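Have a look at the structure below, then the notes.
What follows is calculated from the coordinates using simple rules that are stated; it is not laboratory data. Since the structure is predicted, the reported quantities are computational estimates derived from the model, not experimental observations. Please note: Cβ atoms are built from the backbone with ideal geometry, for glycine as well, and neighbour counts cover all protein chains shown.
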Amino acid sequence: MPEQSYETLDFDITERLAEIVGVNSVKVNEPMSAHTTFKIGGPVEWFVEPQSIDQIQSIMRFCNGYSIPVHVMGLGSDVLVCDEGMLGVVVQTAAHFKQIYVEGTVVHALAGASNEDVAAAAQRAGLTGYEFASGIPGTVGGAAIMNAGAYDGEFAQVAISVLCLAPYGSIVEISAEQAKWSYRHSMMADEGYIVLGVRLQLAPGDPDEIQARMDDLAKRRAEKQPLELPSAGSTFKRPEGYYAGALIQDAGMQGHSHGGAQVSTKHAGFVVNTGGATAQDVCWVISDVMDAVKKNSGVNLEPEVKFWC
Ligand SMILES: Cc1cc2nc3c(=O)[nH]c(=O)nc-3n(C[C@H](O)[C@H](O)[C@H](O)COP(=O)(O)OP(=O)(O)OC[C@H]3O[C@@H](n4cnc5c(N)ncnc54)[C@H](O)[C@@H]3O)c2cc1C
């Protein structure tokens, strides 16, 4: 591995990335606020949108070979990017890497397919089991890496396996057993695997009933959650035996704000961007909430959202 910093390399990194993904799929100094559901975040040096497994593998080999920092993202619905922006490369799967294919009762999807699209494809094919995820505004790659869940469903319940790029560079199929999914956690997240695709085992069902269940869940979400404002969903993990929202309300922090960031007045588990919030504003609110909850109930809240700098 070269000793020098990638900033002093004698070739053009933009050109090298364009050779891998095509010139239209590399953006320079791209504002991350355009790619996160929080609508927050400074520019990343290079933002690339691969279309194939080969391209993802080549990007990772290139970045790792020259010690260029690299982050993989789906739809940016669980990340808070700092205001100063990020060094290195963000690899976004959600733009082009999103084919879905149904084979009998098994759904195959590339990592950048959205949960919404996968749930809709399953519904059209008369397959039940993924309705719980239809309103989770991320990709299946994001769902696999953190075992996304809602309304008594979670990714682990339907996953047969996930195809991954291992940190040592090989492409491997990870079984459900190897994935070691637990609450908002997987082995792949711990070990730095990149999810390339997922295989889901669903069950035959009535398309109208499946649609009705998704509609009902969407209605319940819209009633309870501040979907009208930018956020990254539940800001904190659910502490064992408690609900984060209730703890925050009990601590008197609902509505607490800093700049444009506020603990939602509709659902205290969400920090929302009421307009012009900076990542620093969100961090102040998160920190104030954690202190207040600890003081009031003795519970340590842990942020669910991932911080990228
Ligand atoms: C309004 C709202 C409601 C939400 N409701 C829920 C909910 O009910 N349940 C729930 O679980 N979550 C919920 N979320 C949070 C979020 O949607 C999920 O965490 C989702 O799984 C994130 O997927 P993503 O593609 O957006 O990932 P990103 O936000 O892009 O990335 C999140 C993390 O996953 C990693 N990652 C993403 N793709 C890959 C990949 N292919 N390989 C390796 N790592 C990857 C990233 O590096 C990062 O660490 C909600 C968010 C919002 C904004």
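Would you mind ranking ASP12, ASP216 by Cβ crowding within 10 Å, fewest neighbours first?
Listed from fewest to most nearby Cβ atoms, that is ASP12, ASP216.
D for region 100-210, whole µm²/s, Stokes-Einstein with Kirkwood Rh over alpha-carbon pairs at 10 °C and 1.306 mPa s: what number?
116 µm²/s
Give the lysines reachable from LYS27 as a straight Cα distance under 19 Å; neighbours fewer than 8 places away on the same chain don't count.
Candidates past the 8-residue exclusion: LYS39.
Quick one: grab Rg to one decimal and Dmax as a whole number for the chain, Cα atoms only, in Å.
Rg, Dmax (Cα atoms, Å): 19.9, 60.
May I ask which residue of MET187, ALA125, ASN300 lies farthest towards the positive end of the charge dipole of the chain, with charges of +1 (Lys, Arg) and -1 (Asp, Glu) on Cβ and the Cα centre as origin?
ASN300
Quick test of the membrane-span-like rule: which DSSP H helices of the chain reach at least 15 Å along their long axis (C-alpha atoms) with mean Kyte hydropathy at least 0.0?
Correct list, ordered by number: 53-65, 279-297.
Give me the count of lysine pairs in region 227-308 whose alpha carbons sit under 19 angstrom apart, restricted to pairs 8 or more positions apart or on different chains.
Taking region 227-308 as the scope, the lysine pair count is 4.
How high is the relative contact order of the chain, in percent, with contacts defined as C-alpha pairs under 8 Å that are six or more residues apart?
The normalised contact order for the chain reaches 16 percent.
Would you order TYR101, TYR168 from fewest to most other beta-carbon atoms within 10 Å of each residue's own beta-carbon?
TYR168, TYR101
Cysteines of the chain lacking any other cysteine beta carbon under 4.7 Å?
CYS63, CYS164, CYS283
Using only the Cα atoms, work out Rg/Rh for region 9-92, with Rh taken as the Kirkwood radius, to two decimals.
Radius of gyration over Kirkwood radius for region 9-92 works out to 0.95.
For the chain, with only Lys/Arg (+1) and Asp/Glu (-1) charged at the beta-carbon, what is the dipole magnitude about the Cα centre, in debye rounded to 20?
For the chain, the charge dipole is close to 580 debye.
Would you kindly compute the Cα radius of gyration of region 28-144 and its largest Cα-Cα separation (Dmax), both in Å?
15.5, 48
Along Cα→Cβ, 7 Å out, is where each label goes; now give me the distance between the ones at ASP250 and TYR168 in nm to one decimal.
Once both label points are built, they end up 4.7 nm from each other.
In nm, to one decimal, how far is the modelled label at ASP12 from the one at LYS180, with both set 7 Å along Cα→Cβ?
4.5 nm
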